[in-house]
């Protein structure tokens, strides 16, 4: 036991020495050294005066148990590890959100309008990652006007390595590009920021993989113009769609039920990326997700009391390339995490 105490004392003193040295050398990291220094002081104190562990052992009713103080220390150590784990996760999340905001700002700054950006128009925001072949077919099909409003398609390139931007230029489609692949959610946030900045009336989001039918844009927008909706979701389950995996179908059924249970909505297609949004509502919702953003948008709009509608749409399988959503299990787990995080905040 004496040898263990000596080892703990030695480790604590050495750690404290290097932490103090680092603190003197780099003033900017002082705040981040507080917790490691506190742990080092605790290790030195326990090694030098082991009787101070009697109190936690007593509180945990371990004072009469063999090696009770050591067990108490182990339990306290596990608790500290949990605290450190979630503290680091919180720091990483904040850092990621800061980087995402920076990406949105950079994307907005390099925006290239290819047409006259009339106010009170409908912006069709299309996040794209290596979708040159699909965009060649999709862009010519987008109508120039719906419900008496001008339609402005905007490609948000999410770090593509193919000729996605060249296709946008050749089709005279406005575009912005992110410096690297940040995720579809960040691409959408860039499009939303540009739409707000240029006084758009309605924002439509659709996938770049040519799964969505541009003719359905009118029914989405019409639900806002004529029925005063704030968020209109295109539902493949109210319309028609080509077959997808059974596992994903079951997962979406479960997530539809979960979101409806948590928010009191009546959504039939919580994973639909084909939506129309009243532009001024976007500033009321806290949208943070870089991926799995469809659930976040629904829950945020429901929490704010926005009027949500669904309309039938047609969805087909992508013409070229591979889905960016990932495997079914990973998709389901991260989708669930997004639902719970958005609901709890």
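Brief remarks follow.
- With respect to the conditions (1) under 25 Å from the mean Cα position of the chain (by Cα); (2) surrounded by fewer than 21 Cβ atoms within 10 Å (Cβ to Cβ), residue 136 falls short on a single one, namely (1).
- So residue 252, is it part of a helix (DSSP H, G or I), under 26 Å from residue 214 (Cβ atoms) and within 19 Å of the chain's Cα centre (by Cα): yes
- Qualifying residue in the range 67-83 (condition: closer than 24 Å to residue 289 by Cα, modelled with pLDDT of 80 or more, exposed (fewer than 11 other Cβ atoms within 10 Å of the Cβ) and within 42 Å of the chain's Cα centre (by Cα)): no
- The single condition from (1) closer than 18 Å to residue 225 by Cα; (2) under 18 Å from the mean Cα position of the chain (by Cα) that residue 312 fails is (2).
- Residue in the range 314-329 that is part of a strand (DSSP E or B) and either buried (at least 16 other Cβ atoms within 10 Å of the Cβ) or in contact (Cβ under 8 Å) with a residue 60 or more places away in the chain (or both) present: yes
- From the options 143, 179, residue that is surrounded by fewer than 18 Cβ atoms within 10 Å (Cβ to Cβ), in contact with a helix residue (DSSP H, G or I) (Cβ under 7 Å, 6 or more places away or on another chain) and at pLDDT 95 or above: 143
- Within the option set 241, 255, being in contact with a helix residue (DSSP H, G or I) (Cβ under 8 Å, 6 or more places away or on another chain) and in contact (Cβ under 8 Å) with a residue 24 or more places away in the chain holds for one residue only, 255.
Yes or no, residue by residue, for (1) assigned by TED's automatic domain parsing to the domain that holds residue 215; (2) without any contact (Cβ under 8 Å) to a residue 60 or more places away in the chain; (3) within 19 Å of residue 189 (Cα to Cα):
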| position | (1), (2), (3) |
| --- | --- |
| 74 | no, yes, no |
| 77 | no, yes, no |
| 115 | yes, yes, no |
| 128 | yes, no, yes |
| 135 | yes, no, no |
| 150 | yes, yes, no |
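- In a residue-by-residue description of the range 162-172, the property of being surrounded by fewer than 19 Cβ atoms within 10 Å (Cβ to Cβ), within 23 Å of the chain's Cα centre (by Cα) and at pLDDT below 95 applies to no position.
- Total residues in the range 266-275, condition surrounded by 17 or more Cβ atoms within 10 Å (Cβ to Cβ), within 17 Å of residue 307 (Cα to Cα) and out of contact with any strand residue (DSSP E or B) (no Cβ under 6 Å at 6 or more places or on another chain): 2
- Test result for residue 258, more than 28 Å from residue 193 (Cα to Cα) and surrounded by 14 or more Cβ atoms within 10 Å (Cβ to Cβ): yes
- Residues that are at pLDDT below 75 and over 23 Å from residue 88 (Cβ atoms), drawn from the range 22-44: 24
- Only a single criterion out of (1) at pLDDT below 95; (2) within 21 Å of the chain's Cα centre (by Cα); (3) not in a loop (DSSP other than H, G, I, E, B) is not satisfied by residue 259, namely (1).
- Options 267, 247, 233; residue that is in a helix (DSSP H, G or I) and either outside the structural domain of residue 215 (by TED's automatic domain parsing) or touching a residue at least 40 places away in the same chain (Cβ under 8 Å) (or both): 247
The values are calculated or read from the model by the stated rules, or taken from the named source; none is laboratory data. None of these values were measured; they are calculated from a predicted model. With ideal geometry, Cβ positions are generated from the backbone for all residues, glycine too; neighbour counts draw on all protein chains shown.
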